[in-house]
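These notes are about the structure you will find just below.
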Amino acid sequence: MSAAANPRWGMTVDLNRCVGCQTCTAACKHANDTPPEVQWRRVIDIEQGSFPSVERLFMVVGCQHCEEPPCVPVCPTGATQQRADGLVTMDYDQCIGCAYCAVSCPYQARTIVHEQKGYFASGRTAQEVATSHPERQGVAQKCTFCVDRVDSGLAAGLVPGVDPAATPACAASCIASAIQFGDFNDPESKVSRLSRDIPSFQMHAQLGTNPQIRYLYETPAVPGRDSAVEDDERLSDLANPLTGQLQRFWDWRAAMNWCFGGTGSGLATMAVVLWAAGLMPATLVRVWALGAGALMAIGLFCVFLKIGRQMRFWRAALRPHTSWMTRELYVVVLFYLALAGLLLSTPGDAPGVAGWATGGCAIAFLICQAMILFKARGIPAWRVHPVPALIVVSGLAEGAGATLLLGALVSGTASASGVGEGGRAMEGMAQALAAGLVVLVLIHASLWRLHVARAAEQGIGPLARAEFARIGGVLHGLGHVGPAVLGLCVVAGIGPTPLVAALAGILAITGGFWWKFRLIVRAGYQQGFALPRMPQRGSGHHAAPERHAAPARA
Amino acid sequence: MSAASHKVPVYCYQCVAGPDLLKVEVRDGVAERIESNYDVSAEHPGGGRVCVKAYGLIQKTYNPNRIRQPMRRTNPKKGRDEDPGFVPISWREALDLVGERLHRIREQGLTDASGFPRLAMSTGGGGTPVQYMGTFPAFMAAWGALDQGYGAGQGVKCYHSEHLYGELWHRAFIVSPDTPYVNYIINCGNNVEASGGVAGIWREADARSRGCKRVQVEPHLSITGAVSAEWVPIRPKTDAAFLFGLIHHIVHERDWREVCDLPALRDRSNSPYLVGPNGWFMRAADSGKPLVWDEADGRAKAHDAPDLSRPALEGAFEVDGVEHGPDGAVHTHLGVRVRTAFQCLLDHMKPYDPDWAAAQCDVPAHTIRRIADEYLAHACVGETIEIEGQILPFRPVAVMLGKTVNNGWGGYHCCWARTLLALLVGALEVPGGTLGTTVKLVRPAFSRTGSVLPGEDGFMAFQFNETSREGWLRDPHIRNAYRTLVPLVSDSPWSPALGPAHLPWLFQKTPPANWPRVHPPDVWICYRTNPAISSWNAPQVAERLAEFPFIVAFAYTDDETNHFADVLLPESTDLESLQLIRIGSTKFTEQYWKHEGWAIRQPAIEPLHDTMDLTDIATALAERAGILDRYVEAINKGAAGMNLRDRKGRFDYSLDPAQPPTREAVWDAVCKAASDDLSHGEAVHDLDWFREHGFQLRPFPQLDWYLHPAMVRQGLRYELPYQERLVRHGHQLANRLREIGVDWWARQLTEYEHLPTWEPFPDIWIDYAREYGRDPDEFPFWALTARSMQYSWGANVGLPLINELANNIAGHRGVVINRTAARRLGIAEGDELVLESVSGQTRGQAVLREGIRPDTVLMIGQFDHWKTPYARDLDLPSLNSLTDLSLKLTDGTGSGSDLMRVKITPVAKGGRR
């Protein structure tokens, strides 16, 4: 019986009992009416070693209902919550389908389905229609530990983990008794006893999530051992279930927010800095401000296109206390208010309140962007330092580049119209900006080298690292060397300044777009799965040790 | 507002490891979900659960590709490329059409000019269709001569040698470890975690947690190998050498007098029987009983002599007596030197040492020795255990065989060696040891221990098919000639399906010499079977089907077999029809219950289409064929699963033979009779009660899991290790065939040996290329198959849900090949491969794995569909397109092995699907 007043629901999964039959997967699909290809619970088939020393095992995966769930704080709407009993829940009516939770989960537990489909090409069957859940369309979904069964079971006086009707369908249906459900706060529950008596591990424990699925890996005949480190070749094989798949939740539309938004906010920041430094004529402030606002708007529109439930986008404002996505939304609102103030007022020689507010919001926006990526803990290539710094520096560099580009355009226009004074002022600004750009791209280059150098030790897999290599060549050439050389030319007055500055600006922006787009769309490999400990079975040195005496009589 | 849901109890018997009980959640007339019937958790040996396949039943019901009404063929031409031109007809038209054909047969006579039945019927799935056939078995019983010998893969897809030898030796149609007690299992290719069903997986998981060690010996690391303590990657088809090596180590390298169970060998086997110079048992001249040497007084005595106290196990002795050879030959001896059967065994096993075995099977000799030592260490020789108040030997070791191990050439050797390994340590049919599950060849079919009856020479009775001059069935009564060619397959209702069930297909194409001409049946009925996919050399079977004049196919969707049908009869499927079946006691594969009783399958929803319950179809056809009275009488006599009249006259729920009974009337009577019998009249329940409650049980003694008590009680011996009776039948059969000029079965007759002799079995397949004039070196790989938990027997290849689930398990997407071997051939993951054998080819995507020998490739399940909706688009390979129907590859029991030599050609680069 569950004795604890404050239950902590969790599971044990016995790797020596599980045979990978997928009965739990099927039972889950039935109990939860999940659509084609959506498996809240599934069992993966893992192979380690090489012939003839090989081991194969089956591992139940799904939402781990972490004690510190990375998906909860990032959620901008509060659709994903954690209950007092530890269950991580989903409110489909709240969710906007931004997928931030999905990229934040290191267990690949979340899915978003954008259209209701049946299994057969000819259309949905009567049963599929009867069991459809339109409320789940376009929003995040995942294993709930069958919270409805647990709650209704408790209400009926049943004991979750003991009575099948009160137990998650996967555990209740398991034909190997491999999956057990129960209350970890109750020392007498089966899960507590099993995890006390049999050595176990938690997946990705190093991430500090304290997942509530414990994997048991020992029997008297099959002792445990440390898992062999997977070599890069195996972890580069997408057929290997341990290999994290490329995330597809955030595609080019999401990436465009980092690209346009980064450049736009960088531009706004640079403009305010130059303005304050007296390097930008007040008359041109509006041009820059409008440019920044437009660029950021493009980025935001792209990301709006990406969310699953667009008409609910406003709900993203509900979690400023935890979610950087919400904070970004507030910053955007403030930015455009400040921008409106700026545009409606007459600019003076120095930024006023509206000017400083615009610049402040722009830099805050950059920081939000940096932190959104950084908090996406399901993607190793994003969640580590110096990614936030790279985003901020890149935004500033792109902003400097965009300012140079705009400046060159304005300067060209001024020259064409014979306004010499303006052209000279622009030249001064360009030299200062170019110097700044040189510094920024050098910092960025250094940070990128650091990111690449530390990638393996930070747990970034070989597929993402290979993508880093592809990113690096173009980034260094286009985004670092190009702007730096051209920037130095501008500083040294070599060549026609507007043209060289414009080129430097274009290269800086292109480099920034390039690496951020690739980082998000092409290097966003998920965490994958890992086993720190393994049962010792299979062949060769993986096999269980010799045993010449029978174990004690059952 | 939708109505509240209700749950309907039914059963799942889609695979041989069933039945398991489940409930269907129904709301507003729609079956929405499946869940296990947890009401039976305490009694069911698999915790009351159902496996993944049962969850496919809803999609199976609502599959839009179902045949929705009876159909008639309009294109008289048959062929794979011919459109059948099926057009809808009414049930009346369909039944009249079939009825008219049946009527015509009855007018012409039930058999054709060759003496073969004009009506034939095939079912698939290891007997499971009977659990869905309603009263159709009563129609079959009422009909008369019926050919049920057209196979759908039997012989390669079943545990064929085990069925036959297992049942002879220890009433083991299927063998199982006594999993709740076993501590050490040597598993040669047995894939119990994929094919053992819920009970198997549940019990084996408990055994592992308890500390049972399982050693998996197989060429690829299967599901079962994955969860075994050790995987031994053996060379295909050399398991007999491995097992012989184990035996050699036990009897020659260890002191067998110390490590073996001597009382078991002396008292429960024919080890002490004396063997004469001609290889037959030395018998007392007067009684004809086999003699044993009593060391107590140094005399030979009858095996059952009351004063026999110390039977000699080893040695040679001079005795007087007679040998009974084939065809009544009697060899009389005076003072001739004879050996004990066990001495013969010792001498026979001498050459098969582990070093020899290692060279054959590619398992290191030290591994063979270690496994044999571990086996002995775990055998607990001398220990006992109390079961239900009775003290029994406790021997927690078992040896299990997989299907390609115990089928075809070498199957006899493996079955014999496995059973002998149990016998040596007294682990046969005792707690913890190697057990049988159920009987299908001997009688009574419902009681394994009840079938332990005294027979000849101190052994259990076994009804061989006659081989004597007088008794031999010269003219086969059905096309696969099981009674004529295979004495060991006996003559039960299951025997036709276990005969050489591929021979009808083979002989239809290539008539053998001096043999009745095999013509296709006038009418062939197929139910829940798809031989055009599931047979060995399935494409060739499809060609033969095109030659059948009239096929009646009970049809679920279009498939590769009913493509050739003349009439499609769509029956109400699993969740739409009604039947009561027997559950509990002991059933294969690991269903060892401590209860027995009955369970219902009932319509959870109204039929979705214009289908009929098979019981109603059977009644309608019986009427049209003019055999209604016999049909109803067959039901009354138990053809629907339960005798409606108690033999002792205690109850009578029989139906009126003059009236066609309704489906409900039939099953109401069966429910009452079954519950009356089960409860001895205490709790008689009708159909409505079963509809509500789902099942009824009573206790079944665990002691009946073991033959040991019945063997001891009757003083019987297992017919091992020496095979005398079987070999005598073999010699007599050789004589009979010689007398009629049949020489094409000569190779098969060499399998009859007193003690099996190793031959290099792999060479049979390697050299087979020469039959086609090809060079064996062209085909360097072994191609194997393995059961898929998600698909096997489920007829669910057309269900996308099952495909989605199965794809979580490696290998379901194509051809599993060793990563290093693939690299050598320039093959990458997902590349399209063509696999070619001498007789066929198949295509599939490469799946690179480490858990497979470099000389072996694997294709899970049975695919290569070209008609079944959805499945035909999966582009999955199938071994059945590579194996060949061939006498050369057929062993003496009529089975083949599910493997072939192939060459592999990459034809296209591909990414992952």
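Each reported figure results from applying straightforward, stated rules to the coordinates on display, with no laboratory input. No experiment lies behind these values; they were computed from the predicted model shown. As a convention, Cβ positions derive from the backbone with ideal geometry for all residues, glycine included, and neighbour counts pool all protein chains shown.
Here are the numbers for this structure:
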{"quantity": "Contour minus Cα-Cα distance for residue A:163 and residue A:356 (0.36 nm per residue)", "calculated": "63.2 nm"}
{"quantity": "Segment B:688-710 residues near the modelled residue B:4 label - backbone nitrogen below 18 Å, point 7 Å along Cα→Cβ", "calculated": "B:692-693"}
{"quantity": "Relative contact order of segment B:761-908, defined on C-alpha pairs under 8 angstrom at six or more residues apart (%)", "calculated": "33 percent"}
{"quantity": "Charge dipole magnitude, Cβ of K and R +1, D and E -1 - segment B:821-913, Cα centre, debye nearest 20", "calculated": "240 debye"}
{"quantity": "Sites residue B:68 and residue B:662 - FRET efficiency at Förster radius 22 Å, r taken between beta-carbons, to 0.05", "calculated": "0.40"}
{"quantity": "Listed peptides B:383-389, A:353-359 by packing density, highest first (mean Cβ within 10 Å)", "calculated": "A:353-359, B:383-389"}
{"quantity": "For residues of A:214-220, the mean tally of beta carbons on other chains within 10 Å", "calculated": "3"}
{"quantity": "Segment A:97-160-segment A:164-239 distance, computed between alpha-carbon centres (Å)", "calculated": "23 Å"}
{"quantity": "Of B:735, A:290, B:135, farthest towards positive along the dipole that unit charges on Lys, Arg, Asp, Glu beta carbons give the protein assembly as shown", "calculated": "A:290"}
{"quantity": "Dipole axis of the protein assembly as shown (+1 Lys, Arg; -1 Asp, Glu on Cβ), positive-most option in B:567, B:187, A:245", "calculated": "A:245"}
{"quantity": "Cβ neighbours within 10 Å from other chains - mean over A:236-243", "calculated": "3"}
{"quantity": "Cβ crowding within 10 Å averaged over residues, with A:125-135, B:855-865, B:361-371, B:167-177 ranked highest first", "calculated": "B:167-177, B:855-865, B:361-371, A:125-135"}
{"quantity": "Charged-residue dipole, Cβ positions (Lys, Arg, Asp, Glu), the protein assembly as shown about Cα centre, Debye nearest 20", "calculated": "3300 debye"}
{"quantity": "Peptide A:41-50 - average C-beta neighbours from other chains (10 Å radius)", "calculated": "4"}
{"quantity": "Relative contact order %, chain B, counting alpha carbon pairs below 8 Å whose residues are six or more apart", "calculated": "18 percent"}
{"quantity": "Spacing of the two label points (7 Å from each Cα toward its C-beta) at residue B:698 and residue B:828, in nm", "calculated": "6.7 nm"}
{"quantity": "Spin-label model distance (nm) - residue B:285 vs residue A:304, 7 Å beyond Cα toward Cβ", "calculated": "11.3 nm"}
{"quantity": "P(r) tail fraction, segment B:175-436 - alpha-carbon pairs more than 31 Å apart, %", "calculated": "31 percent"}
{"quantity": "Listed residue pairs exceeding 19 Å between alpha carbons, taken from B:867/B:903; B:60/B:867; A:29/A:306; B:157/B:867; B:648/B:672; B:213/B:403", "calculated": "B:867/B:903; A:29/A:306; B:157/B:867; B:213/B:403"}
{"quantity": "Gap separating the Cα centres of segment B:331-350 and segment B:557-594, nearest whole Å", "calculated": "51 Å"}
{"quantity": "Cα lying deepest toward the dipole's positive end in the protein assembly as shown, options B:333, A:407, B:512, charges on Cβ", "calculated": "A:407"}
{"quantity": "Principal-axis tilt of helix A:353-374 within chain A, Cα atoms, nearest 10 degrees", "calculated": "30 degrees"}
{"quantity": "Whether segment A:26-84 is rounded, prolate or oblate, judged on the alpha carbon gyration tensor where a/c under 1.5 counts as rounded", "calculated": "oblate"}
{"quantity": "Packing-based ranking, highest mean first, of B:256-266, A:9-19, B:702-712, A:394-404 given that Cβ atoms within 10 Å are counted", "calculated": "A:394-404, A:9-19, B:702-712, B:256-266"}
{"quantity": "Cβ charges +1 (Lys, Arg) and -1 (Asp, Glu), total dipole of segment A:34-76, debye", "calculated": "120 debye"}
{"quantity": "Length-normalised contact order for segment A:252-521 - Cα pairs under 8 Å, 6+ apart - percent", "calculated": "24 percent"}
{"quantity": "Whole-Å distance, taken between Cα centres, linking segment A:313-369 and segment B:757-797", "calculated": "71 Å"}
{"quantity": "Pair residue A:488, residue A:311: separation of 7 Å Cα→Cβ label points (nm)", "calculated": "5.8 nm"}
